[in-house]
Structure formats: structure tokens, C-alpha cells
Amino acid sequence: MPSPAPTPYDAIILGAGAAGLFCAAVAGQRGRKVLLIDHADAPGKKILISGGGRCNFTNVNTQPDRYISANPHFAKSALGRYSAQDFIALVDAYGIAWHEKTLGQLFCDGSARQIVAMLLDECAKGGVQIALGQPIGDMAHADGTYRVTYGSKTASAPALVIATGGPSIPKMGATGFAYDLARQFGLKVVEPRPALVPLTLGGEETLFRSLSGVATEVIVRAGKTAFREAALFTHKGLSGPAILQISSYWRHGDPVAVDFLPDTPAGWLTTAKRSQPRATLRSALGGLLPDRLAATLAERLAGDKRLADQSDKLLAEAERRLGAWDFHPNGTEGYAKAEVTAGGISTDGLSSQTMEARKVPGLYAIGEAVDVTGWLGGYNFQWAWASGHAAGLAI
Ligand SMILES: Cc1cc2nc3c(=O)[nH]c(=O)nc-3n(C[C@H](O)[C@H](O)[C@H](O)COP(=O)(O)OP(=O)(O)OC[C@H]3O[C@@H](n4cnc5c(N)ncnc54)[C@H](O)[C@@H]3O)c2cc1C
């Protein structure tokens, strides 16, 4: 029996996550007939777990330099045309209460469910047809038409949008599908890697794992990049916002330098030696750092000797190490714990205006699937909204 003719649409969007939902709503509200397909049984699952269930939906400090990409200029156009303020205006129009937590990060007062409900409502306003729990099967492209089989159905459209995200948190249904599809159409993929991910320590640094649960504000550096936020010791190594941020820049084999005392003036230890000669390094550090951390660092630097019994040179060296303590992570906790995936579909082959593949008319890629990765703090959702908006206006 001949297979039934595919149902025609103006655009088929693969992936009902942040980027796909927003892109579908924008295109639908422009009068496009849109089909949005996802293999998960519910839309926006990562939105629901984001920001501890409150969704850090944007960052008021959004700037292109807060994104990592082989082409640092690529994100400028989309971010410039759909800003954090634009998304805030939408959230406000839905009466969703929000607050700024820290560093420009905006969270719902209530629940991330409100953001998903808003996006679904926006899709409904655009008449978007959403097919959930549908594994995507065959994909074909001929005569300017994309043909997609999903479940037992087939759809066709002149535009196909890849919005299936990256492989971080596979237990939530995340896959590398976007990369396979992109390669099928001849697009390049920048080697993906886990980002915003805890780092693991081994070898002689294993002893730091005994500090599991201890947190302190630090400046952490990898190469020329630095972040000042909290770091947290874990039973596997290092985590906390500062470490997650630097993990996106860290490469295997590189050290990560931690300044444990970002607020102490130069020479503070020799000054302490004069003012409290009977103090030990441990007691001096104890006033500045959590006790268990102070003990571990002091032990590695100078034992329990009194400051008065140590040379100024030795104290200066201790101060230097406390200001740039080199850790040598032996890896990351991988995609299972990575908030995002860095790398992805190369921006080389995409238009920064529309997200359309230059050499494959009608094919678009948006969101985390693309080689644009934001800092921690709402930047990744802002990229999902902005890139989804850019493609939504073009399809
Ligand atoms: C725990 C956690 C917390 C986070 N918190 C924040 C935060 O507070 N703020 C922030 O800005 N970012 C946060 N992020 C990052 C953010 O969730 C992502 O950057 C964002 O969801 C990317 O949007 P996307 O639409 O590109 O991909 P996704 O939201 O991942 O959506 C992709 C969709 O594609 C579907 N899909 C995948 N493979 C297939 C396939 N083969 N067939 C069919 N469908 C498929 C998936 O089911 C999913 O619905 C967090 C991430 C995690 C994991």
C-alpha cells in the first residue's frame, strides 16, 4: 500500500525545549503553520528543573562576551535583536512575578512551570501543533522540501529547524541527535564537551575531597579568564558557581588557579606576623576561611608553626600560593552533571541573522545545539530565546 501523503506545514521544528518552543510561537504568530515534535512526553523539561525549579530565565547583563563560541561575534546579532528586556516584557505581560537574585540573574518568584505554561500559551496563540512522545524516524530533503517521519506519521515543510539541544543530562532525554542531523546535511560540528560542570580531583589532590561540603568565595582563573563567586569542595572534587563557570573554559591538562583570599591586601601575612607573632598560619587563616579549609591549607603550607618562627620569605611564598592555588583537575563529572554542552553545530555554516544553514536552504539550527554557550546565570536561556526568535522570524 502506498504510504499516505505527508501533512504539509510551513515549518517543522525538532525539539520542544526552550529554543524550539519560542521559535514555534514566534513563527506561528506570524501566521506560519508550524509542527513542533519532541520525543519526550512533556515539553520544556530542562526549563522545569532549571534554577532549582524557579528557572533563571535571563540575565540583565547579557552581552555577547558572556558566550563561548569558535566565533565570538556570531551571537551578537540575535542577542542584539531579542534582548533580556524583551523577554522580561513577555514575562511581565503574563503577570509572572520574578526577582533578581545576584549578578543580574532573574528567577521566577513562583515556579519554572509558569515559564513553560507561558511558552505553551504563546504557541497556542500561533496555532502551533505539538507532537510529544514521538521518536523521529526518517528524514529526507528533496526539491526544497523536508520530509520527516515521526511515530507513524509523516510531515513535510520547506523549513526544518534543529532545536534538539545538546547531550547534557542524558537521563532527561538529551541526545546528540542535533549533531548527527547536522552532519547528515553536511554541516560541521565543533567537538562538543561538557560545560558548567563540576571538576574532579585525583592523585595527591584527593585529600581535598575530605573537605566535601565546605564552600568559600574565591577568584578562580583558567588562562586569561577569571570568575569571582563561591567554590564548593565535593566528594569528587570542586564545584560551586565559580568552578562551573571556569569549567566551560578549562581544557584537560590545564591547571585551575584559585585565589582563596580575594580580599586580603598584599603582605597581609607578614603584617600578621608583626601584629600577632604567636598566631599560627592555621589560626590566621581560620579568621578568614572556613575552619576545615584553613586547617588543610595551613597543613600543606607551613605545618602548625607560629608566624614569628617563620621567615618573611616563607610567609610571602605561602601568601602567593593562597592567592593562586593550582589545582590540576583530572576531568569533569561529564554530561551526567553538565548544565550545558559547549561546542556543537559550527556557526561557520550558519547565518547569524536567521540561523539558516548557508549551504542548505530551509535548514535552521538554534539553542544549545549550536556552538554558542553562555555563562551560568540565565545566559543560556537568553540564547535559546534570541536564536529561536531570529529563526522564528525567518521561517
Ligand atoms: C539542571 C539544569 C539547570 C539549568 N538551569 C538553567 C538556568 O537556570 N538558566 C539558564 O539560562 N540555563 C539553564 N540551564 C541550561 C538550559 O536548560 C539550556 O541551555 C536550554 O534548555 C537549551 O535550550 P534548547 O531548547 O536548545 O534545548 P533543550 O531545552 O535541551 O530542548 C531540547 C529538546 O529536544 C528534545 N530532543 C532531544 N533529542 C531529541 C530527539 N532525538 N528526538 C526528538 N526530540 C529530541 C528534548 O526532549 C528537549 O525537549 C540548565 C540546564 C540544566 C541541565
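The values are calculated or read from the model by the stated rules, or taken from the named source; none is laboratory data. These numbers come from a predicted model, not from an experiment. So basically every Cβ, Gly included, is an ideal-geometry build from the backbone, and we count neighbours across all protein chains shown. Side chains are part of the model used for accessible areas, which takes the heavy atoms of the whole protein and leaves out ligands, DNA and RNA. Shrake-Rupley method; radii C 1.70, N 1.55, O 1.52, S 1.80 Å.
Assorted remarks:
- Taking 13 Å as the straight-line reach from the Cα of residue 125, none of the aspartates and glutamates fall in range once those fewer than 8 positions away in the same chain are excluded.
- Neighbourhood charge, 12 Å Cβ-Cβ cut-off, centred on residue 277 and excluding it, Lys, Arg +1 and Asp, Glu -1: +4
- Overall, the chain carries a charge dipole of about 220 debye about its Cα centre when +1 sits on the Cβ of Lys and Arg and -1 on the Cβ of Asp and Glu, all other atoms neutral.
- Descending Cα extents along the principal axes, the range 82-142, whole Å: 48, 24, 22
- One decimal place: the segment residue 304-residue 121 gains 59.5 nm when fully extended, by the rule 0.36 nm per residue minus the C-alpha distance.
- Between residue 393 and residue 141, the modelled label-to-label distance comes to 2.4 nm, taking each label 7 Å out from Cα in the direction of the beta carbon.
- Rounded tilt (10° steps) of 18-29 against the dominant C-alpha axis of the chain: 40
- Candidate lysines - alpha carbon under 16 Å from residue 188, same-chain residues fewer than 8 apart omitted: 359
- By average C-beta atoms within 10 angstrom, highest first, the peptides 304-313, 265-274, 247-256, 380-389: 380-389, 247-256, 265-274, 304-313
- Rounded percent of accessible protein surface that carbon and sulfur make up, the chain, 1.4 Å probe: 52
- The eigenvalues of the Cα gyration tensor, multiplied by 5 and square-rooted, give the chain an equivalent ellipsoid with semi-axes of 48, 20, 17 Å from largest to smallest.
- Additional length obtainable on full extension of the chain from residue 276 to residue 73, 0.36 nm per residue less Cα span: 67.8 nm
- Helix 84-93 vs. the chain, principal-axis angle (Cα, 0 to 90°, nearest 10): 70
- In terms of packing, defined here as the mean over residues of other Cβ atoms within 10 angstrom, the peptides 138-149, 355-366 line up highest first as 355-366, 138-149.
- The accessible area of residue 321, taken with all protein chains in place and a 1.4 Å probe, comes to roughly 80 Å².
- With contacts taken as Cα pairs under 8 Å at a separation of at least 6 residues, the range 15-136 carries a relative contact order of 46 percent.
- Length available on full extension from residue 225 to residue 7: 0.36 nm per residue minus the Cα-Cα distance, which gives 73.5 nm.
- Taken along the Cα-to-beta-carbon direction at a fixed 7 Å, the label points for residue 63 and residue 337 span 3.1 nm.
- When each of 224/305; 45/153; 76/171 is checked by Cα-Cα distance, pairs over 26 Å: 224/305; 76/171
- Solvent-accessible surface of the range 1-141, taken per residue with a 1.4 Å probe and all protein chains present: 45 Å².
- The angle between the Cα long axis of helix 379-394 and the longest principal axis of the Cα atoms of the chain comes to about 20 degrees, rounded to the nearest 10.
- Along principal axes, Cα extents of the range 242-362, largest first, whole Å: 75, 28, 22
- Modelled label reach - residue 180, point 7 Å along Cα→Cβ, the range 137-161 residues with backbone N closer than 18 Å: 137-141, 147-153, 161
- The range 85-244: relative contact order in percent, alpha carbon pairs under 8 Å with at least 6 residues between: 11
- Accessible area per residue in Å² at 1.4 Å probe, computed on the range 158-246: 40
- Choice from 36, 261, 21 with maximal GNM fluctuation in the chain (Cα, 10 Å cutoff): 261
- Quotient of C-alpha Rg and 2.2 N^0.38 Å, computed over the range 169-228: 1.71
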